[in-house]
Structure formats: structure tokens, C-alpha cells
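Chemist: Before we start, here is the structure in question, set down as C-alpha cells.
Computed from the coordinates by the stated procedures, all read-outs in this text should not be read as laboratory data. Worth saying up front: this structure is predicted, and the values here are computed from it rather than measured. Glycine also receives a Cβ, built like all others from the backbone with ideal geometry; neighbour counts cover every protein chain displayed.
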Amino acid sequence: MSTPGLPAHDVTDLALADGGVRRIEWAEREMPVLRLIRARFEVERPLAGVRVAACLHVTTETANLVRTLAAGGAEVAVAASNPLSTQDDVAAALVARYGIPVHARRGVDRDTYYAHLNAVADTHPQLTMDDGCDLVSLLHAERPGQVPEVLAGTEETTTGVIRLRAMAKDGALRYPVIAVNEAETKHLFDNRYGTGQSTIDGILRATNILLAGRRAVVAGYGWVGKGITRRLAGMGAHVAVVEVDPVRALEALMDGFAVKTAGEAAPWGELFITATGNVNVFRREHFVAMPDGAIMANSGHFDAELDLAALRGLAEGHVREVRRDVQEFDLGPKKLHLIAEGRLVNLGAAEGHPAAVMDMSFANQALSAEYAAAHHAELEPTVYVVPEAIDREVARLKLAALGITLDDMTDEQKAYVSSWTSGT
Ligand SMILES: NC(=O)c1ccc[n+]([C@@H]2O[C@H](COP(=O)([O-])OP(=O)(O)OC[C@H]3O[C@@H](n4cnc5c(N)ncnc54)[C@H](O)[C@@H]3O)[C@@H](O)[C@H]2O)c1
């Protein structure tokens, strides 16, 4: 779409822009690290003239990342990384107020989702910024001639990193990608505290159920699962964990949760949440065993963790929306409920992570983009972790912004921890 004076865009309604600006500025208050980076970028312009394609959830926090990249001189184009996660007021604000080409609308179908990805690919990016690896996949599979133009990329989430590592293992990945998810200041905080809180937020906004006393099942005890279970328990739910990794299962047990198979959990639970990054964790036999009124939500990256085809098959077309973001599947003897169509519940039914936690994830994104622009020639076409210096700098800036200072080791302590001679 073209509007005189505005960049190319496809957003739902430009009239939403003012409200979007207010919410972006509200999020900005909670993002001191990104503000510091933006101030430095305005002076140093480390991304001057670099074309960046960002395929990210279009939220207020992402808008602040995009503003930071633009302040560094980048020419940024934005598409959504999920058909249901776009905040339409934010998309409008990015176009109308900040002059960013955005191709994202909430609730698009698969074809439009990919049309939007192609629109940002048409800008011939030199840096890709992905959340789930869809843009990298598209460039490699459908636009191979363009791949040599790309200097490097960054990837936000666990699922994207798994896909990229698989590509690198097969020799298919043709440019270096920095796995932002692997930064400690990303996954220890974003996946655990951010997704933990916003998943509960999405479930409560969609259903308004009481968690106290409810039997909740969480599949996956990774960073995301740990965050969700701890918060459910804190609100009085009885929590069971489903895992396939024995170490993680033991950890869940010793953290005080019951551990069950999916088959054992299905008839027991009332609320089911998936956070595995895997497919069909709950399937036909589990749906059949779940009690009447059970509620299901997914917080993993793709809408593949619940076997939705099987669920639709069991309901034989008897599906209706009973509340905003809640579908009821009528299985005859009972009804099952699904939130946000099985897509990321924290983004589909709430606003995604709180800005204070995205501050660190997106500080890693901005600093990794700066690093990639400066060092791409030294990097191989494989997956890199965020340099430790960046990770520590993000933590240091966050603590400083919170007014917290740390002790330095004394000279005696430094000598002690680096010596092998002192023992018993
Ligand atoms: N909703 C969000 O905003 C958000 C944020 C961060 C990450 N994510 C996504 O959440 C998912 C999990 O991320 P993570 O960082 O916790 O990953 P992780 O690798 O730390 O944890 C995943 C866990 O799931 C377990 N698992 C795998 N298959 C399983 C199965 N069939 N049944 C039960 N458990 C199984 C694994 O053993 C592992 O312990 C990924 O898809 C990631 O991309 C979503």
C-alpha cells in the first residue's frame, strides 16, 4: 500500500497510530538499557546505510528496538513473525510516526503472512533479524539469489536457533547468524520471567479463570516451562509437569511439582499449557481423556504443540468462539477450550513480554546487529552465540539502570581464585 509521504506499508489502520505512539512511549520508560544504546547509536551511527529486515512480533517493545536500529543509521523494514501477534496500533505508529515500512496485520492468513515476509525481502536486506527463522528459511529456499547480499543475521528464539543449527549441520546455512536466545541475559530472563508472566496474563485475559486450586499441566520444563510453573504455583494452582528429558523431569520434581506422562496428565488436568518447541505433545488420545471444560494454551513458538487437526476432527465442525480468543470444541459428551488458536498465548491473547524484560533481549539484538555489521567478514556461515562481552555489558547496564552497584573482587580475592596452590 502507498500513502503519500509515508513508506510502503500494509497495516490494518493508520488512524490507530496515536494510541500506538503512547503505548510505545510507555514501554520505552521500562527500557533503560535500550535507551542508553539508542543515545550512543545516534552519535556513532554504527549501522549507517545498512538495510535490516526485521521479522519480529510487532509489539511496543519491538517498536523501541526498531527506533534504536534506525537511530544507528539502519534502513529497517518490518514484518510480523506470527500471524496473530501484531499489535495493529504499533504497526500504524511505526509507519505514520517513525517512517518505518511495516507489513503486518493481526490475524492474517498464511498467504498474507508470507506476502509480508516477501515484502521485507524485497528491500534486499543485508542484516536479517528473525524470531523463529521464517525469514532466513524464505531467503534460502525461495530467494537463493539474494542470499549473498546478506552479511549476517540474528535470531531471537529457541525454536529459531534449533532450526538454524539444523540448517548449519546440513551445510544449508549460507550466512552467519548470531543466536540472541543463547545470551544469558536473554533466555534466563525473557524466556523465564517474561514468558512466565505473560503466558499467565494471556490465559487470564482470555478466560478470567481462578488459578487457585486449579489443576494445571505444563509440558516442557525448559526456561519457559520453569517460568510458567513457578507462577502458576505462586497463584495457588496444583501443577504437574510433562517432560521427556530425565534431568529436567528430576529438576521439576525437586522444585516441588508432580511429574506425569501426557497420558497420565490428560484426565487429571483442567488447564494444559505447552512450552516444548515440539509437535503434537497433546494429541487425539489425550483430548479424548481430558475432562469437560478443560482449557488448552500454547506458549511454544509454533502452533504445532497441540494436534489441532485431531481436535478439529473430534469436534466434527462443532467449534465456536465463546469469548474473545477462546474457541470451544464440542466433542459431544464434553467441551474443550483452546486459547488464541493454539498460537503463542502470551502474544495472541495478551501483549507479550513486559518491556522491562524485552529491554535486555532487544539490547542483545541491537548490540549483536552492531557486532554483525562490524565483524561479518570474520564470521563463517554458522550459528554463533552472542559474544560474552555483549552479554555482560547488557547485565551491567541493566543493573546500573536499576541503581544497583556490585562489589569488585579485592586483589587478594583475584589472586586466590586464579591460583592452584592454595588448598586445604
Ligand atoms: N511465548 C513466547 O513469547 C516465547 C518466548 C521464548 C521462547 N518461546 C518458545 O518456547 C519454546 C520453549 O522454549 P525454552 O527456551 O523453554 O526451550 P528449552 O529447550 O529450554 O525447553 C523445552 C523443554 O521441552 C521439553 N520437551 C521436548 N519435547 C517434549 C515433549 N514431547 N513432551 C514434554 N516435554 C518436551 C524438552 O526436554 C525441554 O526441557 C520454544 O518453542 C521457544 O521458541 C516462546
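Chemist: Quick one: in segment 87-196, what % of C-alpha pairs are over 25 Å apart? List each step's numbers first, then the result.
Modeler: Details: 1757 of 5995 pairs.
More than 25 Å apart: 29 percent of the Cα pairs in segment 87-196.
Chemist: Could you give the semi-axes, largest first, of the ellipsoid that matches segment 150-249, computed as the square roots of 5 times the alpha carbon gyration tensor eigenvalues and rounded to whole Å?
Modeler: Numbers: eigenvalues 210, 45, 23 Å².
Semi-axes, largest first: 32, 15, 11 Å.
Chemist: With r defined as the distance between the Cβ atoms of Ala233 and Arg320 and R0 fixed at 35 Å, what FRET efficiency is calculated, to the nearest 0.05? Walk me through the numbers on the way to the answer.
Modeler: Values: r = 33 Å, r/R0 = 0.93.
With a Förster radius of 35 Å, E is 0.60.
Chemist: Where does segment 1-72 land on Rg(C-alpha)/(2.2 N^0.38 Å)?
Modeler: Details: Rg = 13.4 Å, N = 72, 2.2 N^0.38 = 11.2 Å.
Taking N as the residue count of segment 1-72, the ratio is 1.20.
Chemist: Follow-up. Two decimals is fine: what is log10 I(q)/I(0) at q = 0.06, 0.14 Å⁻¹ for the chain, from a Debye sum with one equal scatterer on every Cα and no solvent?
Modeler: At q = 0.06, 0.14 Å⁻¹ the computed log10 ratios are -0.26, -1.28.
Chemist: If you don't mind, there's one more thing I want to ask. Put a dot 7 Å past each Cα toward the Cβ at Met409 and Lys335; how far apart are the dots in nm?
Modeler: In this crude spin-label approximation the distance works out to 6.2 nm.
Chemist: Could you compute Rg(Cα) / (2.2 N^0.38 Å) for segment 35-134, with N its residue count?
Modeler: Here the Cα radius of gyration is 1.02 times the empirical estimate.
Chemist: Separation between the Glu44 and Ala115 pseudo-spin-labels, each 7 Å from Cα along Cα→Cβ, expressed in nm?
Modeler: The answer from the label model is 4.1 nm.
Chemist: Taking the Kirkwood radius as the inverse of the mean 1/r across Cα pairs, report the Rg/Rh of segment 237-388.
Modeler: With Rg and the Kirkwood Rh in hand, the quotient comes to 1.09.
Chemist: Ok, one more. Lys169: which lysines have alpha carbons under 25 Å from its alpha carbon, excluding same-chain residues fewer than 8 sequence positions away?
Modeler: Cα-Cα hits under 25 Å: Lys186.
Chemist: Taking every pair of Cα atoms in segment 111-174, average 1/r, invert it to obtain the Kirkwood radius, and report Rg/Rh to two decimals. Provide the component values of the computation, followed by the final result.
Modeler: Values: Rg = 11.1 Å, Rh = 11.9 Å.
With Rg and the Kirkwood Rh in hand, the quotient comes to 0.94.
Chemist: Straight distance only, please: which aspartates and glutamates reach the Cα of Lys334 with their own Cα at less than 20 Å, same-chain residues fewer than 8 apart left out?
Modeler: Here the aspartates and glutamates satisfying the reach criterion relative to Lys334 are Glu264, Glu270, Glu285, Asp292, Asp307, Glu316, Glu321, Asp325.
Chemist: Listed highest first by mean packing, meaning other Cβ atoms within 10 Å per residue, what order do 413-420, 340-347, 3-10 come in?
Modeler: Numbers: 413-420: 9.4, 340-347: 25.8, 3-10: 13.8.
Those peptides, ordered most packed to least, come out 340-347, 3-10, 413-420.
Chemist: So, one more: Obtain the nm distance between the two label points defined at Ala401 and Arg312 by a simple spin-label model: each point lies 7 Å from its Cα along the Cα-to-C-beta direction.
Modeler: That separation, rounded to one decimal, is 4.1 nm.
Chemist: Under 19 Å from a label point 7 Å along Cα→Cβ of Ala377: give me every residue in segment 27-65 with its amide N that close.
Modeler: Answer for this model: 46-51.
Chemist: Contour minus end-to-end for Trp26 and Leu204, with contour as 0.36 nm per residue of separation and end-to-end as the Cα-Cα distance?
Modeler: On the way: separation 178, 0.36 × 178 = 64.08 nm, distance 2.23 nm.
Contour length minus Cα-Cα distance gives 61.8 nm.
Chemist: A follow-up question, please. Normalised radius of gyration for segment 215-274, please: alpha carbon Rg relative to 2.2 N^0.38 Å, two decimal places. Before the final figure, lay out each step's value.
Modeler: Details: Rg = 9.9 Å, N = 60, 2.2 N^0.38 = 10.4 Å.
In units of the 2.2 N^0.38 Å rule of thumb, it is 0.95.
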